[in-house]
Amino acid sequence: MTGTVVVTGVGADTAIGTVTIGADEAVFTGHYPGFPVLPGVCLIEVVRSVLLTWLGEVGPLAGLDRSRFHRPVRPDEEITAAVSLVRGDNGLACTATVAVAGEKAADLRLRFRSGGAA
Amino acid sequence: MIGTDRIVRIIPHRAPVLLLDEVTEVVPGERLTARRLLSRNDRDLLCVAGPVRDGPVVPGTVVLESWAQAGALLACWDRPHPALAAAVVVLASRIDRVRFGGPVRLGSVLVHRVRMVRAAGDAAILEGETVVAGTTVLEVGKFVLARRPPPV
């Protein structure tokens, strides 16, 4: 899946990233026919991509402690993710608020392992 | 064995997003076991921008999405839509207490176990785990999903 992540508004432990996932992406073909919406777990990938773009590297996903999905994300909607970091000895934790069209789409609390890919 | 021909009559997910191959056990309203052989397409399906993943490791998000589809299957099993599954959509409303093990590699067979905690109206609360060759690669503490007619 493509789309360019742009990171703005970087603070000490916070950043804001945006990305738009186009209607031509394969994921919308099967989720769902006639009603294309982004699978909720894709928003985890959006947050990870923002972290990657911002920090240069991020380890594999270790946990999703909490998530709330408030509103589906449709093709071609600009997704904005505001992330806050908590650095720990065992990797990195972050909270993220994801919004589209000025409406909150999801709240996520994630943990990543140190180092490595995927 | 219950294959994809039956699965697509129960849940609305379709290729390339349908991440289940077969159901090996089901006790409607109670529990379900389903399997998926992970392909290269599966690995790349949910990536959003960022560096393209070209290694043998499949992201945890793909494992979670596949497990969640098994959850949707159990939640919808005894109430399949009379006409076609595409007449409903299934949306996650919350997912809590998820732990990812791994790494999970291309060619692995995911075995998803899903248990119904509670069902109320068009919502269901599920829990479970995913095992690859005897190792737990995913644990899901609480998954809440809702069945809805698609908005016009």
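The values are calculated or read from the model by the stated rules, or taken from the named source; none is laboratory data. This structure is a prediction, so every number in the text was calculated from the model and none was measured. Note that we place each Cβ from the backbone using ideal geometry, even for glycine, and neighbour counts take in every protein chain shown.
Every residue, every condition in (1) modelled with pLDDT of 95 or more; (2) in contact with an Asp or Glu (Cβ under 8 Å, 6 or more places away or on another chain); (3) assigned to a helix (DSSP H, G or I), yes or no:
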site	(1), (2), (3)
B:R6	no, no, yes
B:R14	no, no, no
B:L20	yes, no, no
B:V26	yes, no, no
B:T33	yes, yes, no
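Residues that are within 12 Å of the chain's Cα centre (by Cα) and in contact (Cβ under 8 Å) with a residue 60 or more places away in the chain: does segment A:49-67 have at least one? So far as segment A:49-67 goes, yes, one or more of its residues are within 12 Å of the chain's Cα centre (by Cα) and in contact (Cβ under 8 Å) with a residue 60 or more places away in the chain.
Of the strands (runs of 3 or more DSSP E) entirely within segment A:1-111, those holding at least 1 residues that are within 10 Å of chain B (Cβ to nearest Cβ) and surrounded by 16 or more Cβ atoms within 10 Å (Cβ to Cβ) occupy A:14-20, A:61-69, A:78-88. Restricting the first member to segment B:122-140 and to residues that are on the phi > 0 side of the Ramachandran plot, and the second to residues that are crowded, with 22+ Cβ neighbours inside 10 Å, the beta-carbon pairs closer than 6 Å and six or more apart or on different chains are B:G128/B:V114; B:G128/B:V140.
Within segment B:5-45, can you find the residues that are within 9 Å of another protein chain (Cβ to nearest Cβ), surrounded by 14 or more Cβ atoms within 10 Å (Cβ to Cβ) and hydrophobic (A, V, I, L, M, F, W, C)? Correct list: B:V17, B:L18, B:L45.
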